[in-house]
Amino acid sequence: MAIASLAALLTLAGYALLCAVSPFADCRKCRGLGSKVVLDRKGRPKRDKTCRRCKGRGKRLRLGRRLHNHSRAIHHAGTR
């Protein structure tokens, strides 16, 4: 039981460190390209519509960083 809780704490600490060092990750839908890639008639890749999830940026904010930003905003609003 203690080993499992230690492993969970180490995993959470590692994810928190990852969110602090690199808050953005590639978009899961377009894989960081910003748009869908399709093949034209000749078989060459070309860009199609921009990705709706990341709005063409290719990056998304990680969940842990989003939670950190939200909790920081709540703390800031509560301590004014």
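The values are calculated or read from the model by the stated rules, or taken from the named source; none is laboratory data. Worth saying up front: this structure is predicted, and the values here are computed from it rather than measured. Cβ placement follows ideal geometry from the backbone for every residue including glycine, while neighbour counts extend to all protein chains displayed.
Annotations
- So R66, is it assigned to a loop (DSSP other than H, G, I, E, B), basic (K, R) and either at pLDDT 90 or above or out of contact with any Phe, Trp or Tyr (no Cβ under 8 Å at 6 or more places or on another chain) (or both): no
- Residue count for the range 50-80, restricted to those that are touching a residue at least 12 places away in the same chain (Cβ under 8 Å) and exposed (fewer than 10 other Cβ atoms within 10 Å of the Cβ): 0
- Residue check, R41 over 15 Å from the mean Cα position of the chain (by Cα), modelled with pLDDT of 90 or more and not in a loop (DSSP other than H, G, I, E, B): no
- Test: residue in the range 69-77 that is at pLDDT 90 or above and within 14 Å of the chain's Cα centre (by Cα): yes
- Within the range 21-49, if we keep just the residues that are of a type in the set (A, V, I, L, M) and free of Cβ contacts under 8 Å to residues at least 12 places away in the same chain, the residue that is nearest to G64 (Cα to Cα) turns out to be V21.
- In the range 21-38, the qualifying residues are those that are at pLDDT 90 or above and aliphatic (A, V, I, L, M), and the one that is nearest to L63 (Cα to Cα) is A25.
- Scan of the range 1-41 for residues that are more than 27 Å from R52 (Cα to Cα) and surrounded by 10 or more Cβ atoms within 10 Å (Cβ to Cβ), ordered by number: L6, A7, A8, L9, L10, T11, L12, A13, G14, A16, L17
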